[in-house]
Each structure stands twice: as C-alpha cells, then as structure tokens.
Amino acid sequence: MDFEEDHFELPDDVISKDDALSYVCENEWENVEEVFRDLEREEWLKTSKTCLELLSVISQKDRAHMRGGIKKWLRKKQNDGDDVTEEQLFAIAADVCGFVEELANSSNNSKFLRAVGLDAYARMHRLTAAHGILVSANSCGLDDLQWAKDLLAITRAFCDFLSEISDPGQEPFVQFRIRGPIEVFNKYLRAAPAQLLVHWRDQDGDVSFGRSPDPELPNLSSFIANWIAEYLTKTYPYVSLGVCAECGRFFSRERRDKTFCSKTCQNRVAYKRKKLLESNALTPVNVAPDDACDIAKGLWLHHPRFGIGLVEAVGGRAGGPVRSLPGSTQDAQVVQYRSMLSRMTVLQVRFLHGARLLRFADLFEGQKKEEQLPQFYEVKSEETLAELL
Ligand SMILES: [Zn+2]
C-alpha cells in the first residue's frame, strides 16, 4: 500500500531514531558493551585459532607421555617426573613440524608470503597468528630440538597458568601460584627482540598497524609468549580459555570452571572412572579432615575436576610421629595439635596432566555446596589400574 506523504501521519508515541539511540546509550550501555565484547570475542577466537591449535598439538602429545609415565610408575615403580626423553621430544617436534607444513600448504597467502617475503606481504595484507607461526617456525628443524623443549615449557606453563587462574578454590593464593608460569612467559618474551611494527591497507583502503615477529630472528616460543601476553592484557577479561583435563586440548569456554573440551571427553572420563571403581583396582580410604596429617605418599585420590592422581609428596607439616609429641600427655592436646598440623597439609599429586599442589581447603572444603570432594584410594591391583587409566 502506498501512502502519500501528506496523508501519512506518525502515531504520537513513535520514538525517533536519535531518541532511541540516546536512550540506549544512557540506559542500556552495559548491553551495548556486551554486544561489542561478543563480537570482539568471536573475532579474537577466529584470528587466534591457529595458536590454540598449535598449543593443543603439543599439549595433547605431552598428555599422552604423562599418562605413559604414570602407567610406567604403576608397572615398574620408575618415576620420570616431568622430564621428557629425547624420543618424546622428537615426537613433539615431528607433530609441530607436520602442523606447520600443513598450515603453509593450506593457504595460498602463505605461499605468497614465502615468495615475496614478510615486508612486501605485510604492506598488502593483515598479518594473522598463522603468519606469525609460519614466520617464527623457520627456526624449527629436527637436528637440534631445543626449540621443541622451549615450546613444551611454554605450553606447560600456559596449561598451569590456566588451571590455577580458573580454580575457584585458589583465589587467596592465585597471585602466588601464577608467578611461576608468568616467569616462564617473561623468559620467552625476553628471548627474542620486540616484535616489528607492520602496516597494511585494510578493505576500506585505510592504513592499519600491527606487530609481527622478525623473520630475521625467528623464535616460535617467543611468538607464543607474545601471543599469550597479548591475550592476557587485552582479551582475558572476556575470553576464558581452558585446557581439557582429559585430552589436553586448549579450548574457549563459557564458564571458568569448565574442565572438558567436549561432551565426548566428559563422558569418556565418567566411563573410565566407572570401570575403574567397578574393577576393584582401588579401595576407598576414608580420611577425616583432622587426620590429614597422616596422609602418606603412594595414596591415590580422585579429584572431581582433575581426575585420578597419585600422592607423590606430602609437605606443609612438621612430620614425625605426632602421637608421641613431647609434653603432650593429655589426649585433648594431641588431638588439637594433630588437627592444626592437618590444616597445614599440602599434597603434591601427579594427575594425568601433570603434578599439582593441593592444600587442606582443596581436599576437604568444597567451594560450592554441590562440589564433590576428592576421595582417597589405595591401589589393590597396579596392573588393572595401569590398563584402565
Ligand atoms: Zn578433551
């Protein structure tokens, strides 16, 4: 239906576009910011996808090695700790080289980048994380594997950092706990000179600016350290990253305490746990909070978020036989003293993703009412446990 302009009258309650906009800016600004944040989040995840995939390649291989390490301990009582063998390092290096090669072949832009060099390329195209990886990976050969060792160190540090920062039980100590990983990030930030400033014309013809690793001094770990630093300083408040407790993959998540990358991993863990408990390989051990000072190394525990782990060291308390405390002739005093020592207990537990420190609060005080507490176990059959891990 056509309206002649003079026949068409706006109803009285119609709000003009400008008024609507002012209203939204004045009253709904938080929602507007939320929309921007979502867009930025999507954009960041799109451009950072390659970095997350590269870190996942390393972390998944490392996870397989750590699982193997625990099985070896169960079968032969040999403990490799966090050390990696040459063979394991080579396996990681080979996977990374394969990933980089595939990345180089998967995009025409990458071929163009290699043909014309970074300088000429950057004047015409926006540089992405994938380009940064390709430029930095020039130093990665299979004759000297130091770069793979460095890459593993920074990947592990990022895993540790993400699990510390997302752990709701760690709030009072979180700054202390992330100090180690941040030192590692800084070590690799220092290992290469500051990134170069590059510029290109974007789709509208405007000149844009960005940073790029120096192709003359390629260093993949430093590139990853720069990427991590940029993530933490710019994107961290609205993009939460995690490492899957089962497969070791890095993923973005809606909630900071989400532990698994997918339903598949979550179900696999639940299934394995069920099989493990039905197998009689483990016998539950009940530890009362006041008896935490008696926990000995060699005990196993199931943690609701980290899975099954071996207590490999016990610290934080005086040690020695508490029952024969000199001067404590009265039982009440011994009980009180044991209870105090128990609250200072710290366990070093080796989970499938690496060793973690758990304090008394992590062991006996769930942060949320519905949170399950860790359960202790004794191993009845090492071989069955090794098979089912
Ligand atoms: Zn997973």
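Where a number appears in this text, it was derived from the coordinates with a stated rule and is not lab data. This structure is a prediction, so every number in the text was calculated from the model and none was measured. Neighbour counts run over all protein chains shown; Cβ positions are idealised from the backbone, glycine included.
Is the C-alpha gyration tensor of segment 31-253 telling us rounded, prolate or oblate? Criteria: a/c under 1.5 is rounded; beyond that, a/b larger than b/c is prolate, otherwise oblate.
oblate
If R₀ is 30 angstrom, what is the calculated FRET efficiency for the pair residue 18 and residue 40, using the beta carbon separation as r and rounding to 0.05? Write out the running numbers ahead of the final one.
Numbers: r = 26 Å, r/R0 = 0.88.
Taking R0 as 30 Å, the efficiency between residue 18 and residue 40 is 0.70.
Given H placed on each backbone N at 1.01 Å, which residues far from residue 196 in sequence or on other chains put an amide H within less than 5 Å of it?
Excluding prolines and chain starts, which carry no amide H, the hits are 212, 214.
Going down the list 71/275; 61/187; 258/297, which pairs span over 19 Å between their C-alpha atoms? Walk me through the numbers before you get to the answer.
Working: 71/275 17 Å; 61/187 23 Å; 258/297 29 Å.
Pairs exceeding the cut-off: 61/187; 258/297.
Once you have a ≥ b ≥ c as the square roots of the Cα gyration tensor eigenvalues for segment 221-314, tell me rounded if a/c is under 1.5, and otherwise prolate or oblate according to whether a/b is larger than b/c. Could you put the intermediate results ahead of the total?
Working: a/c = 2.71, a/b = 1.78, b/c = 1.53.
It is prolate, given that a/c is not under 1.5 and a/b is the larger ratio.
At a 10 Å Cβ-Cβ cut-off, how would you order 149, 77, fewest neighbours first? Could you put the intermediate results ahead of the total?
Details: 149 14, 77 8.
Exposure proxy ranking, most exposed first: 77, 149.
Suppose every K and R has +1 on its Cβ and every D and E has -1 on its Cβ; what is the size of the dipole of segment 31-253 about the Cα centre, in Debye to the nearest 20? All intermediate terms of the calculation are to be shown ahead of the outcome.
Working: 27 positive and 32 negative charges, 114 e Å.
About 540 debye.
May I ask you to evaluate 6.51 cos²θ - 1.76 cosθ + 1.60, the Karplus curve with θ = phi - 60°, for each residue of segment 206-211 and list the ³J(HN,Hα) values in order in whole Hz, giving x for glycine and proline?
Working through the residues one at a time gives 7, 7, 10, 10, x, 10 Hz.
What is the set of long-range amide H partners of residue 287 at a cut-off below 5 Å, with H atoms built 1.01 Å from backbone N?
Those qualifying (amide H under 5 Å, at least 5 residues apart or on another chain) are 376.
Quote to one decimal, in nm, the extra length available between residue 206 and residue 72 on full extension: 0.36 nm per residue of separation minus the C-alpha distance between them. Working shown, then result.
Values: separation 134, 0.36 × 134 = 48.24 nm, distance 5.87 nm.
In short, 42.4 nm is gained.
Run the simple label-point estimate for residue 288 and residue 270 please: 7 Å along Cα→C-beta, distance reported in nm.
3.4 nm
Do me a favour and compute the ellipsoid semi-axes for the chain from its Cα gyration tensor, root of five times each eigenvalue, largest one first, whole Å.
Details: eigenvalues 449, 202, 78 Å².
Semi-axis lengths for the chain are 47, 32, 20 Å.
Apply the Karplus parameterisation 6.51 cos²θ - 1.76 cosθ + 1.60, with θ equal to phi minus 60°, to every residue of segment 132-137 and state each ³J(HN,Hα) to the nearest whole Hz, in sequence, with x for glycine and proline.
Going residue by residue, I get x, 5, 4, 5, 6, 6 Hz, with x marking Gly and Pro.
Could you derive backbone 3J(HN,Hα) for segment 61-72 from the dihedral phi with the Karplus parameters 6.51, -1.76 and 1.60 (θ = phi - 60°), listing whole Hz in sequence and x where the residue is Gly or Pro?
5, 4, 4, 5, 5, 5, 4, x, x, 5, 4, 5
If you stretched the chain out fully between residue 256 and residue 143, how much longer would it get, using 0.36 nm times the residue separation minus the C-alpha to C-alpha distance?
Numbers: separation 113, 0.36 × 113 = 40.68 nm, distance 3.98 nm.
Extra length from residue 256 to residue 143 when fully extended: 36.7 nm.
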